[in-house]
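> Just dropping this structure here.
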Amino acid sequence: MGDAVDALLAQWARERPGLDVWPMGIVGRISRLSRLFDRELKEFFAGHGLEHWEFDVLATLRRAGPPYELTAVALLRAAMVTSGAITNRIDRLEARGLVERVRDAKDRRLVPVRLTPRGWEIVEELVALHVANEARLLAVLDVEDRDRLAGTLRALLESLGDTSLE
């Protein structure tokens with residue numbers, strides 16, 4: 001049968017038979033999967049009144065452990081967005097009552113972002129549903145395939161310098 005990437009590889013083989021386009025097969029599939037996963041996750045979170053990025057910020061704060069707070073810089077590293085984007089995200093979540101900025105009387109430059117009780121409740125309610133949704137997206141893979149794929153993707157990420165959220 002084949003997928004959409006097989007079709008484009010066949011076109012290149014026809015048009016440029018001497019060009020080895022194997023990288024397009026991998027990068028193309030990862031790119032297409034990313035777009036498909038993004039679409040699925042957007043629909044899932046929209047069904048729960050959230051944007052995907054909102055859940056990402058809430059989940060990042062939740063998994064940080066008590067008191068469920070991080071600096072904007074730590075959130076920035078986790079989100080891989082610009083500083084302006086993370087400020088905007090924090091502002092929007094604060095306006096919804098899901099996070100709060102905690103002012104430090106001793107060091108006014110330090111302003112951690114903390115989950116509010118409402119933000120904590122939302123992420124607690126959704127995290128298991130989110131994991132189940134992701135499992136549904138990966139249901140075609142058996143345990144060995146999942147482990148092999150996770151290892152391969154980890155190796156690619158490490159080779160490109162994506163080794164830590166710190």
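> For the range 55-90, how many residues are in a loop (DSSP other than H, G, I, E, B) and β-branched (V, I, T)?
3
> When you scan the range 1-28, how many residues do you find that are in a helix (DSSP H, G or I) and open to solvent by 80 Å² or more (accessible area, probe 1.4 Å)?
Adding up the residues that qualify gives 7.
> Regarding the range 78-95, can at least one residue be identified that is farther than 23 Å from N133 by Cβ, touching a strand residue (DSSP E or B) at 6+ places or on another chain (Cβ under 9 Å), surrounded by 12 or more Cβ atoms within 10 Å (Cβ to Cβ) and modelled with pLDDT of 95 or more?
yes
> Further, regarding this structure: Give the residue, chosen from D147, D107, that is open to solvent by less than 100 Å² (accessible area, probe 1.4 Å) and without any contact (Cβ under 8 Å) to a residue 12 or more places away in the chain.
The match here is D107.
> Look at the range 112-135 and say how many of its residues are open to solvent by 40 Å² or more (accessible area, probe 1.4 Å) and either at pLDDT below 95 or touching an Asp or Glu at 6+ places or on another chain (Cβ under 7 Å) (or both).
Residues flagged as open to solvent by 40 Å² or more (accessible area, probe 1.4 Å) and either at pLDDT below 95 or touching an Asp or Glu at 6+ places or on another chain (Cβ under 7 Å) (or both) within the range 112-135 amount to 1.
> Shifting gears a bit: All but one of (1) open to solvent by less than 50 Å² (accessible area, probe 1.4 Å); (2) part of a helix (DSSP H, G or I) hold for L50; state the number of the condition that does not hold.
(2)
The values are calculated or read from the model by the stated rules, or taken from the named source; none is laboratory data. Not measured: the values here are computed from a predicted model. Every residue, glycine among them, receives a Cβ derived from its backbone with ideal geometry; neighbour counts consider all protein chains shown. What goes into the accessible areas is simple: the full protein's heavy atoms, side chains included, and nothing from ligands, DNA or RNA. Shrake-Rupley method; radii C 1.70, N 1.55, O 1.52, S 1.80 Å.
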